[in-house]
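A.B. asks: Please find one structure pasted underneath; my questions will follow.
The values are calculated or read from the model by the stated rules, or taken from the named source; none is laboratory data. These numbers were taken from a predicted model, which means no experiment stands behind them. Note: ideal-geometry Cβ built from the backbone for every residue, glycine included; neighbour counts use all protein chains shown. Just the protein is used for accessible areas: all its heavy atoms, side chains included, with ligands, DNA and RNA removed. Shrake-Rupley method; radii C 1.70, N 1.55, O 1.52, S 1.80 Å.
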Amino acid sequence: MGLSTEIGSWERTPSDEGYNDQRFASYRLRLAGESERTALALWARFQLPDGLQPTIVALVDLRIDVTALPSSGRTPSDAVPRLSLNDLHSFFTAAWTTAHHDLPLAATAKPQDQAPAGPAITELHLQAEHANTPTHGHIRHLQELIDLTTLGAPTRDSLPRMSIALTSASVPPMQVDDLVSDALRHMAAGFGFLEPEDDA
């Protein structure tokens, strides 16, 4: 995407993005693009339960501002670099492992020794956050931001978001790869992507 490969340091988020105290851990990592605006950022959050929220929440969030990516002569309405299905797969695999196996270390040194209260619910989300807010008169939906053609032909002209929730027992890291692949296919099918035609 033309961004600098010099990765900065993780930092605690300001309070308007996430708390840091005895129940919350919230960190972010930002990469600057045009005019030093944040072009790509990662957030990692962990939350212990309380009287109002009865579950543990672990969240990994990746956001890309395509308007802040180095333009290389593009105008705002031109096509932007699209993520591939492999990009999604790599991110969700790393995010799953981080949320389930790494973030709990914020609460205990041996999370695997803690008996779970029940099966975990893992949600995968894709969203074109400004699909309903045109930039310079141009509306971008998921199909323009992410190359989903290998999942089949979409039956909808515009698709601002997709998501899927999975309920499962604890999954060893080596099995996450296949689980994410299945989840992406099921998510696409649920949002109207037809199976690719057989060339035979």
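A.B. asks: How many of the residues in the stretch 46-59 are over 18 Å from residue 100 (Cα atoms) and either open to solvent by 90 Å² or more (accessible area, probe 1.4 Å) or of a type in the set (A, V, I, L, M) (or both)?
C.D. replies: Final tally of qualifying residues: 1.
A.B. asks: What do you reckon, is residue 181 assigned to a helix (DSSP H, G or I) and in contact (Cβ under 8 Å) with a residue 24 or more places away in the chain?
C.D. replies: yes
A.B. asks: Still on this model: Of the residues that sit in the stretch 5-45 and are polar (S, T, N, Q), out of contact with any Gly (no Cβ under 8 Å at 6 or more places or on another chain) and outside any loop (DSSP other than H, G, I, E, B), which one is surrounded by the most Cβ atoms within 10 Å (Cβ to Cβ)?
C.D. replies: To start, the set of residues in the stretch 5-45 that are polar (S, T, N, Q) comprises 5, 9, 13, 15, 20, 22, 26, 35, 38.
With out of contact with any Gly (no Cβ under 8 Å at 6 or more places or on another chain) added as a condition, the list becomes 5, 9, 13, 15, 20, 22, 35, 38.
In the following step, the residues that additionally are outside any loop (DSSP other than H, G, I, E, B) were identified as 35, 38.
Details: 35: 6, 38: 14.
For the stretch 5-45, the residue satisfying everything is 38.
A.B. asks: Of the numbered conditions (1) modelled with pLDDT of 95 or more; (2) surrounded by 14 or more Cβ atoms within 10 Å (Cβ to Cβ), residue 104 fails exactly one; give the number of that condition.
C.D. replies: So residue 104 meets the others, but not (1).
A.B. asks: Could you check the stretch 153-178 and list, in sequence order, the residues that are part of a loop (DSSP other than H, G, I, E, B), free of Cβ contacts under 8 Å to residues at least 60 places away in the same chain and under 21 Å from the mean Cα position of the chain (by Cα)?
C.D. replies: 158, 159, 160, 172
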